[in-house]
């Protein structure tokens, strides 16, 4: 039984502290100082032009003053642009999901031979290497302005994400089902169909919903470079100096993205 003196004495217990990310203090502080020096140097060599910044602020003020109040009179163009973006997003998502499944099988280390695995990973790396805007510019040059370029762009964008996530899910499946079918002499394709696909289908549905939401947002961005959708409508409005109509389009884009995010999040939670 402890005495009052023992209870009043300061505790000698050591409290746990999270270890630093870099244990060596010299290396840790050296990195901090190095990053600080680099940041100062990078800022010092940037071509700051105060006159140009001042002119830009003046132009920005003129644009914002001309944008209020937003003009919804040409709502037909808004609806047409939004519907085209929705069509682009849906078609690109469906194509991307369909193509992602075989690519994911190719890129899963546990079910594919080494050459096939390397080929599948190479396809995913290429699909993920470029920003959708850069890909959209290439497809606009290849197939011309319009929604076809947007569909091709977002299909490639979908493959890069969905195939990678599916391949990782395939590598985590319960291998007992696969071994049971193989032991019974089931052909390879049937093993994939009856032992692998059912295990990855919930993830596929969740990824499809997420990718549809992502493609709907990206369709507005790639449309700015001529790949169709409401982004093209926005660029045309800026080209005509219709800043009030451009603000209306921007508000519609923000509203659609908020609704899409809420709906897709709710569906994914219900699936999960």
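What about residue 102, is it farther than 17 Å from residue 217 by Cα, modelled with pLDDT of 85 or more, part of a helix (DSSP H, G or I) and more than 28 Å from the chain's Cα centre (by Cα)?
Answer is no for this residue.
Does residue 50 satisfy the condition of being out of contact with any strand residue (DSSP E or B) (no Cβ under 9 Å at 6 or more places or on another chain) and under 29 Å from residue 229 (Cα atoms)?
For residue 50, the condition - out of contact with any strand residue (DSSP E or B) (no Cβ under 9 Å at 6 or more places or on another chain) and under 29 Å from residue 229 (Cα atoms) - is not met.
Considering 154, 212, 181, which residue is part of a helix (DSSP H, G or I), farther than 26 Å from residue 262 by Cβ and out of contact with any strand residue (DSSP E or B) (no Cβ under 8 Å at 6 or more places or on another chain)?
Going through 154, 212, 181 in turn, the sole match is 181.
Contact list please: Cβ distance under 6 Å, first residue in the stretch 142-161 and in the same structural domain as residue 225 (by TED's automatic domain parsing), second residue modelled with pLDDT under 90 and not in a helix (DSSP H, G or I), pairs at least six apart or on different chains.
Taking only residues 6 or more apart or on different chains, the pairs are 145/226; 146/228; 147/228; 149/227; 150/227; 150/228; 150/229; 153/227.
If residue 230 passes every condition in (1) touching a residue at least 12 places away in the same chain (Cβ under 8 Å); (2) touching a helix residue (DSSP H, G or I) at 6+ places or on another chain (Cβ under 7 Å); (3) over 30 Å from residue 136 (Cβ atoms) but one, which one does it miss?
Of (1) touching a residue at least 12 places away in the same chain (Cβ under 8 Å); (2) touching a helix residue (DSSP H, G or I) at 6+ places or on another chain (Cβ under 7 Å); (3) over 30 Å from residue 136 (Cβ atoms), only one is false for residue 230: (3).
Consider only pairs whose beta carbons are under 7 Å apart and that are at least six residues apart or on different chains; among these, list those whose first residue lies in the stretch 62-90 and is assigned by TED's automatic domain parsing to the domain that holds residue 230 and modelled with pLDDT of 80 or more and whose second residue is outside any helix (DSSP H, G or I) and surrounded by 14 or more Cβ atoms within 10 Å (Cβ to Cβ).
From the stretch 62-90, the pairs are 81/229; 84/228; 84/229; 85/229; 88/228; 88/229.
What are the residues in the stretch 244-272 that are at pLDDT 85 or above and touching a helix residue (DSSP H, G or I) at 6+ places or on another chain (Cβ under 9 Å), if any?
Scanning the stretch 244-272 gives 244, 245, 246, 247, 248, 249, 250, 252, 253.
So if I check each of 97, 118, 138, which one is free of Cβ contacts under 8 Å to residues at least 12 places away in the same chain, assigned by TED's automatic domain parsing to the domain that holds residue 203, within 30 Å of residue 190 (Cβ to Cβ) and out of contact with any strand residue (DSSP E or B) (no Cβ under 6 Å at 6 or more places or on another chain)?
Values: 97 fails: free of Cβ contacts under 8 Å to residues at least 12 places away in the same chain; 138 fails: within 30 Å of residue 190 (Cβ to Cβ).
The unique qualifying residue is 118.
The values are calculated or read from the model by the stated rules, or taken from the named source; none is laboratory data. Predicted, not measured: the structure shown is a model, and the values here were computed from it. Note: ideal-geometry Cβ built from the backbone for every residue, glycine included; neighbour counts use all protein chains shown.
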